[in-house]
Structures are given as structure tokens and as C-alpha cells.
1. Tell me which of these residue 77 doesn't satisfy, since it passes every other one: (1) within 16 Å of the chain's Cα centre (by Cα); (2) buried (at least 20 other Cβ atoms within 10 Å of the Cβ).
2. Among (1) at pLDDT below 90; (2) crowded, with 22+ Cβ neighbours inside 10 Å; (3) assigned to a loop (DSSP other than H, G, I, E, B); (4) not hydroxyl-bearing (Ser, Thr, Tyr), which single condition is residue 153 missing?
3. Just the residues that are assigned to a strand (DSSP E or B), within 18 Å of residue 122 (Cβ to Cβ) and charged (D, E, K, R), please, taken from the stretch 232-282.
4. Of everything in the stretch 204-222, what is at pLDDT 70 or above and either among the basic types (Lys, Arg) or surrounded by fewer than 18 Cβ atoms within 10 Å (Cβ to Cβ) (or both)? Give them in sequence order.
5. Can you name every residue in the stretch 39-53 that is assigned to a helix (DSSP H, G or I) and modelled with pLDDT of 90 or more?
6. Within the stretch 54-80, can you find the residues that are more than 15 Å from residue 95 (Cα to Cα), assigned to a loop (DSSP other than H, G, I, E, B) and touching a residue at least 12 places away in the same chain (Cβ under 8 Å)?
7. Can you pull out the residues in the stretch 246-271 that are of a type in the set (A, V, I, L, M, F, W, C) and under 18 Å from the mean Cα position of the chain (by Cα)?
8. Working only within the stretch 99-122, note down all residues that are buried (at least 23 other Cβ atoms within 10 Å of the Cβ) and more than 18 Å from the chain's Cα centre (by Cα).
Amino acid sequence: MRLVIIWCVFSAKNSLAPVLKMHGAIQRSAFSVFSKIVRYGHLPTLLWLARGLCALGLLGRNYRRQNAVATQNYRSLTGQSGRIDAAWIATQRSLLEMAATWGQNPRMLRQMAECSAELDKVVAPLHQQNIPVVLAPLHAVSDILSGIVAAGVTPGKATVVVSSSAEVYNQQAREMGNIALSYCSIHQDNKQLASSLMSLIMEVAQGQQNLIIFPDITPDYTVQTEEGHSSQISCRIFNRPAQLHSGVVRLSRAVSAQVVFYQLYYQNGLKIHIHEPVGARKVAAAMPGIIEQSLTEYPKDWLLWHSHSLFYINH
């Protein structure tokens, strides 16, 4: 009887193999067609169509359940009566990332280059003074685009420090934008990654590259890591006791860097808001206010409104 069952399973698998192969070929063809549409299409029109499909529930279905949480978080913190459409934020992010990477849409590439040029006006003078630089983009519009923009400034090389395993970023994703951008984890108990982090710190200190770390990561993304609660700092955001990840504070102090906070936002094109550079010793005090300001001024571009705890996880 067992042999019969095994035979049936393998027979079914073999019979489905051509169908699965055909399905994979169709997916690849569809992706190729979509890439060409994004590359040669009028991006504002594509975004307008995507937003309409999102409103009809044909796009962003996996994120629609996040709308209520995101909206309630926004209203509770800011006191505003607006609505956060988490489904559209996710849909817009995906389309813009496709346009910037696989699609290589000329309009998108030009706008990112303009953002990089604006950021370089702040970063280049620091390098000229032999001051190490830590770039601190907020989770807005797209993490991938934020990294691409940062990688385009002096000296043309950067590493993103992530709070989880760097392996989740595959090599293809790193190369899509044709940039010198790599990833490193600060939470892995791994000698190779630890060595990479030390090498990174040395190169940042010598001005050979910039370090990129997101300052607004919420605690629920990090409490399960090996460092746990020790990687957090206490502060106040929207006049409430809050917790922020301490990575920006610790790493900027390690190299006596100036920290440049910035945020991408999308208003008739991709744009960038850059804050004045902050000295390493002042980062802990300045960071909560910068995050609060960004969430107030650009709420519909922030990617983490759906987080249940935000910065207020209990210990």
C-alpha cells in the first residue's frame, strides 16, 4: 500500500511538471512585458492607473488589512483626522522600485540622480573636510530607492547596515540599480559579518565610503534579535515615552561621524528633504525630533504606519 501511495505521488508530480514549467515560463514572460511597460511608459500615468486599480481593490490586496491599523496609528499620534492608505503606499513603492531597477525608467533615473545631487551638496563638503559620514534615511517611499540615492553621493560607495540577516538581500537586488551598494548586519553572531563590520567602520572613518542606517526602525523588528532590548535607547516621540534603535548613535560615535538625516517623498515626482548634519554626540537628542517632524510633514510616504507597536513597545 505504501508503494502505491509513493507511486501515485510521483506520478502526480511528474504529470504536473510540464504545467508548472509552463506556468514559470508565463510568469517570466509577463515580468518581461511589465518591465518594458514600466521602462517606456509614462510613469505618472502608470502611477495614476495603479492608484485607480488599488482603489478598486485589484492591487494591494495583501496590504488592505493594514489600512485600519495605519490610520489609527496616524490619528492617535498626530491628532490629525486624515487617512493612511497602506495598500497604496505598498503599491506605489513596488512600482517605483520596478521603475528604478528592472525597468530603468528614464524619468525615474533622472529624479533619483537629482535627489543624489541634492544630497551630495551636503555630503561632499564633509568629505572634503575629512569628516566621516553616516547617512540616515527614514523608511519613506522605498528603502531600495533611499539606498540607491545614498550610493550616488561622494565617494560613490556605501554600505547599508541592516537590523536583521543581510542574507535576505539577494545579490540580484543589490545589483538592480547598477550601483556600488552592499549590506551588512549588526545583529548576527557570525565572525565573517563581524569582520565585515569592522572593515566597514575603518573605511567609513577613512572616508572611503559612507555608512547607511535607517534611524526609524521600530522596536518590534529588533526585539527578537540577539542584542534584544540592549540595542534600544529611550526617548520621547509625540510627547510619549518611546524606544528607538541605537545603531545610528553607536556607529556614528565609533567613527566620530556627522549624521545626515534625509527622507524621500513623492509629490509630482521623487524628491528629497535633507536635514542639517548632526554631530555624533548630538544624534541621540536630535533623532526623535527629526523622526517626529518627518512623520508629521510627510505622513503618506512613511512605510511603517502599519506596525502595531510603532516606537512604544512595552518592556
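1. (1)
2. (1)
3. First, the residues of the stretch 232-282 that are assigned to a strand (DSSP E or B): 232-237, 240-245, 258-266, 270-274, 278-279.
Then keep just the ones that are within 18 Å of residue 122 (Cβ to Cβ); that gives 258-265, 270-274, 278-279.
Within the stretch 232-282, just 271 meets the criteria.
4. 205, 206, 208 - these are the residues of the stretch 204-222 that are at pLDDT 70 or above and either among the basic types (Lys, Arg) or surrounded by fewer than 18 Cβ atoms within 10 Å (Cβ to Cβ) (or both).
5. As a first pass, look at the stretch 39-53 and keep what is assigned to a helix (DSSP H, G or I): 39-40, 43-53.
43, 44, 45, 46, 47, 48, 49, 50, 51, 52, 53, listed by residue number.
6. 64, 80 - these are the residues of the stretch 54-80 that are more than 15 Å from residue 95 (Cα to Cα), assigned to a loop (DSSP other than H, G, I, E, B) and touching a residue at least 12 places away in the same chain (Cβ under 8 Å).
7. Keep residues of the stretch 246-271 that are of a type in the set (A, V, I, L, M, F, W, C), which gives 248-249, 251, 254-255, 257, 259-261, 264, 270.
Across the stretch 246-271, the qualifying residues are 248, 259, 260, 261, 264, 270.
8. Within the stretch 99-122, 103, 105 qualify.
The values are calculated or read from the model by the stated rules, or taken from the named source; none is laboratory data. Worth saying up front: this structure is predicted, and the values here are computed from it rather than measured. Cβ atoms come from the backbone with ideal geometry, glycine included; neighbour counts cover every protein chain shown.
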